[in-house]
1. How much of the accessible area of segment 1-83, in percent, comes from carbon and sulfur atoms when a 1.4 Å probe is used?
2. When a/c is below 1.5 the answer is rounded, else prolate if a/b is larger than b/c, else oblate, so apply that to segment 1-40 with a ≥ b ≥ c taken from the square roots of the Cα gyration tensor eigenvalues.
3. Averaging sequence separations of C-alpha pairs under 8 Å and six or more residues apart, then dividing by the length of the chain, give the relative contact order as a whole percent.
4. Cα gyration tensor of segment 16-58, axes a ≥ b ≥ c as square roots of the eigenvalues: rounded (a/c below 1.5), prolate (a/b > b/c) or oblate?
5. F67 to K135: extension gain in nm, 0.36 nm per residue of separation minus the Cα-Cα distance?
6. Could you tell me, in Å, what Rg and Dmax come out for the Cα atoms of the chain?
7. Which value, in debye to the nearest 20, describes the size of the charge dipole of the chain about its Cα centre when Lys and Arg Cβ atoms bear +1, Asp and Glu Cβ atoms bear -1, and nothing else is charged?
8. How far apart, in nanometres, would the label points at R109 and S144 be if each is projected 7 angstrom from Cα along the Cα-to-Cβ direction?
Amino acid sequence: MKFHKEIERRFIVNKKLITLEQLRGYPYISIKQWYPFKILGFIFRIRIEEFQYNEKHLLTIKGKNNFEFECQISKYISKFFQFGPFIEKTRSYFSYFGHTFELDIFPSRYTDYMIAEIELNSFDEEINLPIWIEKEITNQKELSNYNLAKKFYYSPLGILRKTKKNILKIG
């Protein structure tokens, strides 16, 4: 269980400089996320991380000012809250000049971008960016996982809930 202030930066990855073919040899985890509630500005997220047939189920509550509470939960409790906006992705990790970048690859129905994230200890922490970083999107809320999940999801009855354009472009 952890309660902390999340300080992260997010970036679009240039797919010409790092390709899916190049990533095939790197270890990765599969991630599925549901967002069952948004209450009084707090976003509730259920996440399943799968790595080599092992699953970890997490409940995260994201609040104002980047505060985040996260704890591991049982798969049975997790299943109870698997509704609402949903997103899936594959995540690989890269070390670069003492920092770890998380590289998220989404199925094309969410976005056709790869997004890199880095968690920092402070807002003014200096980082070196790999050459495959194209553009910073830290403050672009429309590219948050929560908002990408909301753009394309089905209701429990299987009826398309959102009919807006499903693939988000930056331009």
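1. Exposed carbon and sulfur together represent 58 percent of the surface.
2. prolate
3. Computed value for the chain: 27 percent relative contact order.
4. oblate
5. Stretched out fully, the F67 to K135 stretch lengthens by 22.0 nm.
6. Radius of gyration, then largest Cα-Cα span, for the chain: 16.2, 48 Å.
7. The calculation lands at about 980 debye.
8. Going by the 7 Å Cα→Cβ label model, 2.3 nm.
The values are calculated or read from the model by the stated rules, or taken from the named source; none is laboratory data. None of these values were measured; they are calculated from a predicted model. Ideal geometry is used to build each Cβ from the backbone, glycine not excepted, and the neighbour counts take in all protein chains shown. Accessible surface is based on the protein model in full, side chains and every heavy atom, while ligands, DNA and RNA are left aside. Shrake-Rupley method; radii C 1.70, N 1.55, O 1.52, S 1.80 Å.
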